[in-house]
Amino acid sequence: MADQSFAVLGLGKFGMALTVALLKAEQDVLVIDSNEEVINDVAHLVTHAVIADATDEDELRDLDIGSFDHVFVTMGENVEGSIIATMLAKKLGAPDVTTRANNHNHRLVLEKIGADHVIEPEQDMARQLIFRQLHPNVVNFFHLSKNVSLIEVSVENPRFFNKSLGELDFRKNYDVNVIGIVHDGHLNEVPLATDVINPHDQITLIGSNEAVQKIDDILQEDK
């Protein structure tokens with residue numbers, strides 16, 4: 001996946017998890033939150049960490065929010081704030097805005113004001129259940145935006161067994177990044193090029209929707 005720029009507005013549990021996933025994929029990330037303590041906790045990890053009000057148009061303009069490839073509005077519990085932040089991000093020219101909705105009515109409003117992608121927990125859970133039925137080796141998946149997905153999948157293709165990440169070079173050969181490996185129930189959160197893929201390991205990948213779908217199909221092959 002080519003390097004892109006990401007902005008995360010709101011560092012609650014969901015925003016923090018999203019930020020960590022993007023960092024593991026070696027992407028440039030701007031995080032914004034009004035809580036100084038939260039920003040200080042992540043400032044050394046991300047490209048930019050700013051104490052700001054995501055509902056303040058002048059502050060978002062000063063941060064040039066419209067220049068980011070992807071903007072995530074993750075303050076789902078703050079319905080009014082998420083609506084305003086989404087509206088402002090689109091007004092300032094952000095090409096791809098993903099917002100977390102708290103309920104169906106919240107989703108309808110977000111779509112009405114121009115959110116490009118809306119995450120609604122209950123509906124997304126239903127989609128995941130269906131997706132897992134159609135792709136039995138998939139442990140988990142998540143759409144980060146309209147074009148970018150994260151997927152956790154079991155490796156069933158013998159072509160990948162007992163080979164290191166350096167040998168397999170997922171980024172070069174499949175246009176995805178490996179950001180985690182689960183082996184015998186133990187999670188390796190910082191996989192290295194020397195780490196070896198074992199039969200039935202679960203690996204977490206991030207990339208474009210097309211690239212993720214393609215590598216998922218390949219990893220499911222059992223011969």
So for region 33-52 (the condition being touching a Ser or Thr at 6+ places or on another chain (Cβ under 8 Å), aliphatic (A, V, I, L, M) and under 20 Å from S208 (Cα atoms)), does at least one residue qualify?
no
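Being more than 28 Å from D62 (Cβ to Cβ) and at pLDDT 70 or above is the filter here, so list the residues in region 112-127 that pass it.
Scanning region 112-127 gives a single hit, E120.
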If we keep only residues of region 178-214 that are among the aliphatic types (A, V, I, L, M), touching a residue at least 24 places away in the same chain (Cβ under 8 Å) and surrounded by fewer than 13 Cβ atoms within 10 Å (Cβ to Cβ), then the residue nearest to L23 (Cα to Cα) is V190
Please state which one of D69, D58 is without any contact (Cβ under 8 Å) to a residue 12 or more places away in the chain and over 13 Å from V31 (Cα atoms).
D58
So in region 146-169, with the set limited to residues that are crowded, with 17+ Cβ neighbours inside 10 Å and over 14 Å from D217 (Cα atoms), which one is farthest from the chain's Cα centre (by Cα)?
L168
When (1) out of contact with any Leu (no Cβ under 8 Å at 6 or more places or on another chain); (2) over 15 Å from I113 (Cβ atoms) are applied to V79, the one that fails is (2)
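The values are calculated or read from the model by the stated rules, or taken from the named source; none is laboratory data. Everything quoted here is computed from the prediction, not taken from an experiment. Quick reminder, even Gly has a Cβ in these numbers, built from the backbone with ideal geometry, and neighbours come from all protein chains shown.
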